[in-house]
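The values are calculated or read from the model by the stated rules, or taken from the named source; none is laboratory data. Here the structure is a predicted model, which means the values were calculated and not measured. Backbone-built Cβ (ideal geometry, glycine too); neighbour counts: all protein chains shown. In case anyone asks, the SASA skips ligands and DNA or RNA and just uses the protein heavy atoms, side chains included. Shrake-Rupley method; radii C 1.70, N 1.55, O 1.52, S 1.80 Å.
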Amino acid sequence: MASERLTEYERKRLQNIKRNDEMLASLKIQSKTSDLSDISNSKRVATKSYKVSPQKKLKPESPVVIRRSMRTRGMPPDSEGLRDDVLSSVNEISKTSSPVNSSPCVVGPLSFIDAYAGTGSVKVLIDTILSVAKNNPHCGVPKEEIDTDSVLERKPQVGITVKEEFDGVQACKGESLSEKGELGSRIKEKVNASKVCKDENFSGKDDVSSCNLIKGVVKREIKIEKSELCSCVDFGSLTLKLENIARIMQGKVLVVKCSPWSNVRMVVAGNKYGNVGFWNLNSEQDEGDGIYLYHVHTAPVSEIVFQQSFSSKIFTSSYDGFIRLMDAEKEVFNLVYSGEYSLFSLSQQPNNVNTLYFGEGSGGLSSWDVRAGKSSSEWLLHESRINTIDFNSQNPNMMATSSSDATACLWDLRCMATDKPKPLKVANHKKAIQSAYFSPSGRCLATTSTDDKVGIWSGVNLENSFMINHNNQTGRWISTFRAIWGWDDSCIFIGNMKRGVDVISPFQRKTIKTLESPYVTAIPCRFHAHPYQVGTMAGATSGGQVYVWTSD
């Protein structure tokens, strides 16, 4: 009855199912499937050995002691401290592997013994400085030439002399060839008791130029004995010898200076750890390597200035807000000034040995009376930090400041108001200006900026200017480039990112030579030309190396 109620489709479906079951039964698929399942289960059990719990580790017989400090345990400190052998090993490691930057801040005098961080005896350095200062106390200038009221900075400058010949009669005039920063001269002539003023422009290609006198009556010849067109130093003779290379400290060097002594070559440098290093290139073999290291500050050293009246005394400024005076006679670093803001620059007016000028904080400038021990004047000159302060050697009242606010300003100290002083001239760059230095003659100013420009400013009020392209992108690990003048107005030295020193001619407005050496293994970034040894220049790297180029 049930089958009669099924439809045709359902009956067909049941027949297909019955036929398929009979076919599978004839093939014995079910039995083979069960056999394969048994085999696979046995293998799976064998491969699951990783699930077997590991053997438990036996507990150590001695209990684990958790280290706790004596303070947390309520015990008094150990008065004996570390053993002598442990202390000696720690000291050796600290001297060889890590820079000295952990000395506490001492607000007061710091003795040479406490500040000394080098090896060997420091007595040799003190004797050398005192002996040189005794023989030549005024920074390389003979004593009979010193004016006690105003000790002016004396550098080997190459001036321009214009000679006029009138029928065998010579007249010498020290007229400048560049009153407006151009290669020109204003020459005054006196003919038949009348003065004639005439402007002439020189091409800069010849050292001797001739011209006809007015009306063609008398001929004259202008001879430039030593002009800016020809440097007093042959750049090809500047060489770097292996014995003039030394690593005097660790870390980035921010300032390097040649000692102002004519008979002793000594380099002084300061790094970012507050260390001040001395390197005596004339040291004998029995005196060691001639390198002496002092930890004077707790922050980067921003500037080093030799006192003009006594070359045995050296001023150092730092980001820690301190100015110290190294006194070799008393063997102490005296504290001259301490403030709450960082000091980024330091300088001394050429005709005033008792006053220091330093850039403090964000654009502040202060003058400090060393004898009275107090500030005499304070100004707010820039919107950002003052990187350099420089005075004109021919006119000490003229001061140039460079700042990270992308400006360099020219100031006259005689007419600087306390409230909102106005500069005589503002030199602008697109980015921060790292330096602004007067030329040896005082007629030009060179600025270095991170906008990849070196600016040359000339004229009475720096009204003439032009820019020279130069790669100044040093990055964060290398000290910024600061272009310096050589021994005359003919050349400027600045670091090169390809481990060289570029020589820039302000008159040709381009780089005319690059000093290279296989001994230079890092990028020299800070330089200083020896003030009394023409052809001697020191350069420092961010790794503490110092190179000294010489022309002998």
Practice task
Among the numbered conditions (1) in a strand (DSSP E or B); (2) open to solvent by 20 Å² or more (accessible area, probe 1.4 Å); (3) among the charged types (D, E, K, R), tell me where residue 289 comes up short.
Solution key: (1)
Practice task
Would you check if there is a residue in region 414-427 being open to solvent by less than 60 Å² (accessible area, probe 1.4 Å), out of contact with any helix residue (DSSP H, G or I) (no Cβ under 8 Å at 6 or more places or on another chain) and within 21 Å of residue 514 (Cβ to Cβ)?
Solution key: no
Exercise for the section: Would you tally the residues in region 474-524 being within 14 Å of residue 542 (Cα to Cα) and polar (S, T, N, Q)? Expected result: 5
Problem - Residues of region 514-552 classified as of a type in the set (Gly, Ala, Ser), open to solvent by less than 10 Å² (accessible area, probe 1.4 Å) and within 19 Å of residue 479 (Cα to Cα), total - result: 4
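Residue-wise test of (1) in a strand (DSSP E or B); (2) out of contact with any strand residue (DSSP E or B) (no Cβ under 9 Å at 6 or more places or on another chain); (3) at pLDDT below 95.
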residue	(1), (2), (3)
263	no, yes, yes
279	yes, no, yes
298	no, no, yes
309	no, yes, yes
317	yes, no, no
326	yes, no, yes
344	yes, no, no
350	no, no, yes
357	yes, no, no
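Filter region 477-499 down to residues that are farther than 22 Å from residue 390 by Cβ and surrounded by 18 or more Cβ atoms within 10 Å (Cβ to Cβ), then give me how many there are.
Looking only at region 477-499, we keep the residues that are farther than 22 Å from residue 390 by Cβ, and these are 477-478, 496-499.
From the residues that got through so far, the ones that are surrounded by 18 or more Cβ atoms within 10 Å (Cβ to Cβ) too are 478, 496.
The qualifying residues number 2.
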Exercise for the section: Six or more apart or on different chains, Cβ under 6 Å: which pairs go from a residue in region 379-393 that's farther than 20 Å from residue 414 by Cα and small (Gly, Ala, Ser) to one that's open to solvent by less than 10 Å² (accessible area, probe 1.4 Å) and not in a loop (DSSP other than H, G, I, E, B)? Could you list them? Expected result: 384/403
Problem - Flag for residue 522 being assigned to a loop (DSSP other than H, G, I, E, B) and modelled with pLDDT of 90 or more - result: yes
Practice task
Test each condition in (1) over 17 Å from the mean Cα position of the chain (by Cα); (2) on the phi > 0 side of the Ramachandran plot; (3) free of Cβ contacts under 8 Å to residues at least 60 places away in the same chain for residue 459 and report the one that comes out false.
Solution key: (3)
Exercise for the section: Those residues that are over 25 Å from residue 336 (Cα atoms) and either β-branched (Val, Ile, Thr) or more than 26 Å from the chain's Cα centre (by Cα) (or both), I need them from region 369-413; list them, please. Expected result: 394, 395, 407, 412
Completion exercise
Across region 421-449, the tally of residues that are assigned to a loop (DSSP other than H, G, I, E, B) and without any contact (Cβ under 8 Å) to a residue 40 or more places away in the chain stands at 5
Handout entry: Within region 235-253, tally of residues that are crowded, with 22+ Cβ neighbours inside 10 Å and either modelled with pLDDT of 95 or more or of a type in the set (Val, Ile, Thr) (or both)
Key = 2
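Only residues that are under 15 Å from the mean Cα position of the chain (by Cα) and open to solvent by less than 10 Å² (accessible area, probe 1.4 Å): list them for region 256-282, please. Before the answer, list the steps.
Narrowing region 256-282 to residues under 15 Å from the mean Cα position of the chain (by Cα): 256-258, 267-277.
Hits for region 256-282 are 256, 258, 267, 268, 269, 270, 271, 274, 275, 276, 277.
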Exercise for the section: Scan region 316-327 residue by residue and report those that are in contact with a Lys or Arg (Cβ under 7 Å, 6 or more places away or on another chain) and either hydrophobic (A, V, I, L, M, F, W, C) or surrounded by 22 or more Cβ atoms within 10 Å (Cβ to Cβ) (or both). Expected result: 316, 325, 326
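Test residue 511 against the criterion of being among the β-branched types (Val, Ile, Thr), open to solvent by less than 20 Å² (accessible area, probe 1.4 Å) and touching a His at 6+ places or on another chain (Cβ under 9 Å), and give yes or no.
Details: among the β-branched types (Val, Ile, Thr): yes; open to solvent by less than 20 Å² (accessible area, probe 1.4 Å): no; touching a His at 6+ places or on another chain (Cβ under 9 Å): yes.
Taking the combined requirement at face value, the residue does not satisfy it.
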Completion exercise
In region 450-475, anything buried (at least 21 other Cβ atoms within 10 Å of the Cβ), in contact with a strand residue (DSSP E or B) (Cβ under 6 Å, 6 or more places away or on another chain) and outside any strand (DSSP E or B) is listed as 462, 470
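Can residue 338 be described as within 28 Å of residue 404 (Cβ to Cβ), in contact with a Phe, Trp or Tyr (Cβ under 6 Å, 6 or more places away or on another chain) and surrounded by fewer than 23 Cβ atoms within 10 Å (Cβ to Cβ)? Write out each step before concluding.
On the way: within 28 Å of residue 404 (Cβ to Cβ): yes; in contact with a Phe, Trp or Tyr (Cβ under 6 Å, 6 or more places away or on another chain): yes; surrounded by fewer than 23 Cβ atoms within 10 Å (Cβ to Cβ): yes.
When the stated conditions are applied, residue 338 passes them.
Just checking, does region 519-540 include any residue being hydrophobic (A, V, I, L, M, F, W, C) and touching a helix residue (DSSP H, G or I) at 6+ places or on another chain (Cβ under 8 Å)? Please lay out each step first, then the result.
Taking region 519-540 as the starting set, the residues that turn out to be hydrophobic (A, V, I, L, M, F, W, C) are 520, 522-523, 525, 527, 529, 534, 537-538, 540.
After this cut, where a residue has to be touching a helix residue (DSSP H, G or I) at 6+ places or on another chain (Cβ under 8 Å) as well, the list is none.
No: region 519-540 contains no residue that is hydrophobic (A, V, I, L, M, F, W, C) and touching a helix residue (DSSP H, G or I) at 6+ places or on another chain (Cβ under 8 Å).
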Exercise for the section: Go through region 476-513 and count every residue that is among the polar types (S, T, N, Q) and in a loop (DSSP other than H, G, I, E, B). Expected result: 4
Handout entry: Those residues of region 507-549 which are under 15 Å from residue 483 (Cα atoms) and hydroxyl-bearing (Ser, Thr, Tyr), in sequence order
Key = 511, 514, 541
Practice task
Search region 359-381 for residues being part of a loop (DSSP other than H, G, I, E, B) and open to solvent by less than 30 Å² (accessible area, probe 1.4 Å), and hand back the single one that is nearest to residue 334 (Cα to Cα).
Solution key: 361
